[in-house]
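Visitor: My structure is below; once you've seen it, I'll send some questions.
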Amino acid sequence: MEDNKKRSLIEELGSTFGKPKNSDSRYEERTGSLTGKDPSLDDISHESRTEIAVQKDVFSKVSHNDWKAFVIKNTGLRVNDTLVFRELDGLTQTGQFQIKTVEYIIKDSGLKDGYVVAGWKSI
């Protein structure tokens with residue numbers, strides 16, 4: 001009998017001081033997702049980094065901000081994706097790299113299918 005009283009008291013206190021019914025967890029409260037689908041996780045499979053191997057002369061222009069855009073074969077590229085330019089000396093990587101964040105994308109009929117122009121701001 002005592003166990004039943006404890007259980008009912010715990011249930012009563014839980015319903016009085018518990019979470020609101022429309023929220024299942026802190027995670028859902030923080031993200032604003034009450035339906036279980038977080039808009040920031042819509043496309044979890046999207047690769048946000050594109051690696052581009054370029055020769056020394058092109059790498060120099062990118063790293064010195066002479067070029068602020070690059071034609072890339074990647075139709076899935078999005079704004080805020082990361083471009084990693086890796087320097088090549090012939091067929092050998094030198095170990096040097098530059099990271100750029102895509103600020104704009106141009107998809108034009110003048111480009112070959114599958115290619116876009118990705119641009120970034122210089123810092």
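The values are calculated or read from the model by the stated rules, or taken from the named source; none is laboratory data. If you're wondering where the values come from, they're calculated on a predicted model, not measured in any experiment. Note that we place each Cβ from the backbone using ideal geometry, even for glycine, and neighbour counts take in every protein chain shown. The protein model used for the area step is the full one, side chains on, heavy atoms only, and it has no ligands, DNA or RNA in it. Shrake-Rupley method; radii C 1.70, N 1.55, O 1.52, S 1.80 Å.
Visitor: Out of all the residues in region 44-59, which are open to solvent by less than 40 Å² (accessible area, probe 1.4 Å), not in a strand (DSSP E or B) and not aromatic (F, W, Y)? Reasoning before the result, please.
Guide: Keep residues of region 44-59 that are open to solvent by less than 40 Å² (accessible area, probe 1.4 Å), which gives 50, 52, 54, 58-59.
Retained after the next criterion (residues that are not in a strand (DSSP E or B)): 58-59.
Hit for region 44-59 is V58, nothing else.
Visitor: Now a separate question. Give the number of residues within region 85-123 that are in contact (Cβ under 8 Å) with a residue 12 or more places away in the chain, open to solvent by less than 90 Å² (accessible area, probe 1.4 Å) and part of a strand (DSSP E or B).
Guide: 16
Visitor: While we're on this one: Could you list all residues from region 60-78 that are over 20 Å from the mean Cα position of the chain (by Cα), more than 10 Å from G119 (Cα to Cα) and not in a loop (DSSP other than H, G, I, E, B)?
Guide: Result: S60, K61, V62, S63.
Visitor: Where the second residue is β-branched (V, I, T) and open to solvent by 40 Å² or more (accessible area, probe 1.4 Å) and the first is closer than 20 Å to Q96 by Cβ and touching a residue at least 12 places away in the same chain (Cβ under 8 Å) and lies in region 68-84, which pairs have Cβ atoms under 7 Å and are six or more apart or on separate chains?
Guide: T82/I99; T82/T101; V84/I99
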